[in-house]
Amino acid sequence: MKIFLRSHFALLFMVIVQGGFTWLYFWFLGFQGWGHVLYVLLMQIILFCIYLAYRWMNDSQLYKWITTDEKELRYIPSFGNGYFNKVLHQKIIEEKDAADQLILEGEAEIKEKATFMNQWVHQMKTPISVIQLMIQDYDDPVFQDIRKEIYKLEMGLKTVLYSSRLSLFEKDYQIERIPINTFIKELVKENKSLFFQFKVYPNMIMNDQDLYILSDKKWIKFVIEQVLSNALKYSTEKSNKVDIRLAKQNEQVILTITDYGIGIPEQDVKRVFEPYFTGVNGRKYHESTGMGLYLVKEILNRLAHDFSIDTEINKGTSFSIIFNV
């Protein structure tokens, strides 16, 4: 109703001006039959109200549709029997159909690219697994370096894979109750060779009793692995441990991963979550793609998990993920 009245405000204003002009015109002429003037003005008001009622009955569906929630805008009702209403309705239907077609084509293209990337990543994993089997019995320094490079390849492939899946996130996640203590221990165990390669070892600070969180196992595992990867890469030759701390505060579980490495320069802290931003450390150590923390941020936001980062140059970095119990 508010939109309807505002859309007819100019017409209402003209009716009032016309009535005032009619009254003044006869007053200047010295006309004495004011009853006739009032009758004319009253008829003008009645006719105007009838017109407004007609317009409201004719356009009510249009105004109701405009004020509905966004989700209901996909259904477009009839706008009335007026010629303009019919033309407008037909035009909107055509534009909607064209937009729907573009959306379908865009989704199909995204799915096609994601499928291709998934297949390519899995194909690349096969030769990497073969190389790992070939060198598993060798512990010479050169083979340790090869294992580090293989790890970089694996993390790069994971980044590509999850980056392509991110556009389809809403169709590829499942929230479940996860025993986070057990989950972290299993994750550390899976990556134990990585800790040996970088000579940086986990110091787990947590209670024996399991704490439970609500999240998606696959996505949160990738996030934690990314944070751990950064902690290890930037701790090598400066520190030999990474703290993994679990704590419960009120109705939240906080996972904090703290390294004692090189830290992040102050000017880079605000930009580390931007895509493709490598910063001073990335350019200096050539270890960064600029996508890891960007994906971490995007995934945590979509999972509705808060996070924070605290860093000091040459002293290390703490990354905290806050889960609702």
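Structural remarks
- In terms of distances greater than 18 angstrom between alpha carbons, the cross-link table entries Lys192/Lys241; Lys185/Lys218; Lys192/Lys315; Lys189/Lys248; Lys199/Lys221; Lys217/Lys297 yield Lys192/Lys315; Lys189/Lys248; Lys199/Lys221.
- Which label in [x] 6, 18, 14, 12, 11, 10, 9, 8, 5, 3, 2, 1, 1, 0, 0; [y] 5, 24, 34, 26, 9, 1, 0; [z] 5, 17, 21, 15, 9, 9, 8, 7, 5, 2, 1, 0 gives the computed P(r) over Cα pairs in 10 Å bins from 0, in percent: [z]
- Relative to the longest principal axis of the Cα atoms of the chain, the long axis of helix 9-28 lies at roughly 30 degrees.
- Under 16 Å from Lys86, Cα to Cα: aspartates and glutamates that are on another chain or at least 8 residues apart: Asp59, Glu94, Glu95
- Listed by chain and number, the lysines whose alpha-carbon sits under 22 Å from that of Lys2, ignoring those within fewer than 8 places in the same chain, are Lys64, Lys71.
- Karplus-derived 3J(HN,Hα), 6.51/-1.76/1.60, for each residue of region 260-275, Hz, glycine and proline x: 10, x, 7, x, 10, x, 4, 6, 9, 4, 6, 10, 5, 9, 7, x
- Considering only Met124, Met43, Met204, the mean-square fluctuation computed in a Gaussian network model of the chain, springs between alpha carbons under 10 angstrom, is largest for Met43.
- Relative contact order for region 173-324: 24 percent, from Cα pairs under 8 Å spaced at least 6 residues apart, divided by residue count.
- Choice from His122, His36, His89 showing the highest fluctuation, given a GNM over the chain with Cα pairs closer than 10 Å: His36
- Relative to the current alpha-carbon distance between Lys238 and Leu29, full extension at 0.36 nm per residue lengthens the span by 65.2 nm.
- Within a Gaussian network of the chain (alpha carbon springs, distance under 10 Å), most fluctuating of Asn85, Asn314, Asn301: Asn85
- Three-way shape call for region 145-228 based on the alpha-carbon gyration tensor, with the a/c threshold at 1.5: oblate
- Between the amide H of Ser215 and those of Glu176, Ile178, distances stay under 5 Å, these residues lying 5 or more places away or on another chain, with hydrogens modeled in the peptide plane.
- The calculated FRET efficiency for the pair Ile309 and Val130, based on their C-beta separation and a Förster distance of 51 Å, comes to about 0.85.
- Value of relative contact order over the chain, rounded to a whole percent, pairs C-alpha under 8 Å and six or more apart: 11
- Principal semi-axes of the equivalent ellipsoid, √(5λ) from the alpha carbon gyration tensor of region 173-324, are 24, 18, 14 Å from largest down.
- Label point distance in nm, Leu41-Phe116, each placed 7 Å from Cα along Cα→Cβ: 7.5
Each reported figure results from applying straightforward, stated rules to the coordinates on display, with no laboratory input. Values in this document were obtained by computation on a predicted structure and should not be read as measured data. Virtual Cβ from ideal backbone geometry, glycine too; neighbours counted across all protein chains shown.
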